Every structure is written in C-alpha cells, then in structure tokens.
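A.B. asks: Mind having a look at this structure? Questions to follow.
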Amino acid sequence: MDSQAVRSGMVERLRAQGGMEPAVLEAMLRVPRHLFLEPGLAAQAYLDNALPIGHGQTISKPSVVARAASVLLQALGGRPSKILEIGTGCGYQAAVLAGVAGEVYSIERIRALHELARRNLRALRLANLRLLFGDGMAGAGIGAPFDAVISAAAAEHAPAAWLEQLRPGGVLVAPLGQPQRLTAMRKLAAGRFETWSVEDARFVPLKSGIL
Ligand code: SAH
C-alpha cells in the first residue's frame, strides 16, 4: 500500500468537513494509522472508521480525532505546551497530539493496551510523548497542571481530577452526558468553567480501576 497517498486522501476528506485546524491535519498526514491496527484491518486504516483494537476497545475515527484536537487548539488559541490524554488505547491519537503539542502525557487503564501502544509508538520515536499506566479518572500522577485534557472515553460528568489538573485558562475536551456530546470546558478564575457543546459523540465508556 502506498500509505502516504491513501493518507493524503483521508486528510483531504477531513479538511472538506470544515473547521479542522491545519496543524492537526498536518500531524495526521505524518502519523501512519495503519501501523496501529492488526494486519487484517490495515486496509481499512484510512477510511473514517472506528475499528477494534482488542479488549473491547476501539481506535477512534479519524474525523473524531481531528475534531477533538481542533476544538482544543482553537479553544487555547494556539499550540498547547502540555496535554493529558485519557485513554491511550492503541496510541494513535497520542501520536497525533504529540505532533501539535510541546509535551503529551497519555494514560491507559488496561495494561495490555498500554503495552500495545508502547510497541506501536516505538518506531515513531516521539520524544515528547509519555505513556502512563493507571486509572485516568484520577488524572495523571505527574505532569499537572496541563493546558489541556482530552478524553477518548465517555463519562456522565467530568471527573473532578481532570478539572483540578487544568491550569487556569486550560481546556478540557471530552465526551460527556447521556446521550453523549463532545463537550469543551474552559477553566476560568475562581473555580468557574465555561462549557460548550461541540457535536454528538459515541465513545467507549470511561471505567474505573485498572486491568
Ligand atoms: N485514544 C485511542 C482511543 C482508545 S478508546 C485512539 O487513539 O484511538 C478509549 C480508551 O480509554 C480505551 O483503551 C479504554 O481502555 C480507555 N479508558 C477507559 N477508562 C479509562 C480510565 N479510567 N483511565 C484510562 N483509560 C481509560
């Protein structure tokens, strides 16, 4: 497969959806999504699909990764210096985020997926990406405060730790509520938040504890 040509096609379809940040699209042009999938699914890597990665979890659709990352950059008004991602999964979104931020911390609660992501990401040599194993409901044990927290798993409400670990002016982007909506929250002064709803969402659930 000439993956660069197929990947450009995917990125052009994302650009055509409108409202995507150029820096995010450039990062998606560089990250080989097929390397994050089992060989049997690699041929579908550049379609706009969520696909299984094992352990009942999925790799997010490219359009969902592009939208969430774009909302985050737009809300911050520029390049984030430090992002926390909740739900590493296979590591694809973490690699995209590492292309648009100074530093990325990504936490996963399923050890086998944490290790899968480590293997998938090794060849990309992203020196600014740190993979953490643990329950991301409590945020990250290191790295806080963050400019942004982005979750790939859906919750009814944002866990308090995510909001606490944001710097003032920082932004959370996460699927929240029932039915799920991709939601953005900006931390204002005095513990207040500005919240807005982006679009309908269908993410796997946020779960507590580690496996
Ligand atoms: N970011 C991935 C998406 C993975 S799906 C991508 O690039 O496609 C969401 C992931 O969130 C799953 O791997 C799931 O195990 C993980 N998850 C769910 N609850 C979690 C929690 N409390 N802490 C950390 N990870 C969690």
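The values are calculated or read from the model by the stated rules, or taken from the named source; none is laboratory data. It should be emphasised that the depicted structure is a prediction, and the values quoted were computed from it without experimental measurement. Ideal geometry is used to build each Cβ from the backbone, glycine not excepted, and the neighbour counts take in all protein chains shown. For accessibility, only protein heavy atoms count, side chains too; no ligands or nucleic acids. Shrake-Rupley method; radii C 1.70, N 1.55, O 1.52, S 1.80 Å.
A.B. asks: With the requirement that a residue be of a type outside the set (D, E, K, R), open to solvent by less than 80 Å² (accessible area, probe 1.4 Å) and within 14 Å of Ser63 (Cβ to Cβ), what does the stretch 1-44 give you?
C.D. replies: Gly9, Met10, Val11, Leu14, Gly18, Gly19, Met20, Val24, Leu25, Met28
A.B. asks: To continue, here is another question. Considering the stretch 138-157 alone, what residues qualify as being over 16 Å from Leu76 (Cα atoms) and either surrounded by fewer than 19 Cβ atoms within 10 Å (Cβ to Cβ) or free of Cβ contacts under 8 Å to residues at least 24 places away in the same chain (or both)?
C.D. replies: Scanning the stretch 138-157 gives Ala138, Gly141, Ile142, Gly143, Ala144, Glu156, His157.
A.B. asks: Considering only residues of the stretch 120-137 that are touching a residue at least 60 places away in the same chain (Cβ under 8 Å) and under 11 Å from Ala95 (Cβ atoms), which is surrounded by the fewest Cβ atoms within 10 Å (Cβ to Cβ)?
C.D. replies: Of everything passing the filter in the stretch 120-137, Ala123 is surrounded by the fewest Cβ atoms within 10 Å (Cβ to Cβ).
A.B. asks: Looking at the stretch 158-198 only, could you name the residues that are within 16 Å of the chain's Cα centre (by Cα), more than 16 Å from the ligand (Cβ to nearest atom) and farther than 14 Å from Ala75 by Cβ?
C.D. replies: Arg181
A.B. asks: If you go through the stretch 85-92 one residue at a time, do you hit one that is at pLDDT 95 or above and under 23 Å from Gly18 (Cβ atoms)? Walk me through it before giving the result.
C.D. replies: Initial filter on the stretch 85-92 (at pLDDT 95 or above): 85-92.
Next cut, under 23 Å from Gly18 (Cβ atoms) only: 92.
Among the residues of the stretch 85-92, at least one is at pLDDT 95 or above and under 23 Å from Gly18 (Cβ atoms), which makes the answer yes.
A.B. asks: Next question, about the same structure. Which ones in the stretch 164-181 are closer than 13 Å to Leu84 by Cβ and either crowded, with 17+ Cβ neighbours inside 10 Å or in contact with an Asp or Glu (Cβ under 7 Å, 6 or more places away or on another chain) (or both)? Step through it out loud before you land on a result.
C.D. replies: Taking the stretch 164-181 first, the residues closer than 13 Å to Leu84 by Cβ are 164-167, 170-174.
Within the stretch 164-181, Gln165, Leu166, Arg167, Gly170, Val171, Leu172, Val173, Ala174 meet the criteria.
A.B. asks: If you go through the stretch 96-119 one residue at a time, do you hit one that is more than 13 Å from the ligand (Cβ to nearest atom), open to solvent by 40 Å² or more (accessible area, probe 1.4 Å) and among the aliphatic types (A, V, I, L, M)?
C.D. replies: Within the stretch 96-119, none of the residues are more than 13 Å from the ligand (Cβ to nearest atom), open to solvent by 40 Å² or more (accessible area, probe 1.4 Å) and among the aliphatic types (A, V, I, L, M).
A.B. asks: Out of the stretch 182-211, which residues are surrounded by 11 or more Cβ atoms within 10 Å (Cβ to Cβ) and of a type in the set (D, E, K, R)?
C.D. replies: Arg186, Lys187, Glu194, Glu199, Arg202, Lys207
A.B. asks: Which of the residues spanning the stretch 140-177 are β-branched (Val, Ile, Thr) and under 15 Å from Ala69 (Cα atoms)? Steps first, please.
C.D. replies: Pass one, the stretch 140-177, residues β-branched (Val, Ile, Thr): 142, 149-150, 171, 173.
Within the stretch 140-177, Val149, Ile150, Val171, Val173 meet the criteria.
A.B. asks: Would you say Val64 is within 13 Å of the ligand (Cβ to nearest atom), open to solvent by 10 Å² or more (accessible area, probe 1.4 Å) and either under 29 Å from Glu194 (Cβ atoms) or among the small types (Gly, Ala, Ser) (or both)? Let's see the steps before the verdict.
C.D. replies: Working: within 13 Å of the ligand (Cβ to nearest atom): yes; open to solvent by 10 Å² or more (accessible area, probe 1.4 Å): yes; either under 29 Å from Glu194 (Cβ atoms) or among the small types (Gly, Ala, Ser) (or both): yes.
Criteria met by Val64.
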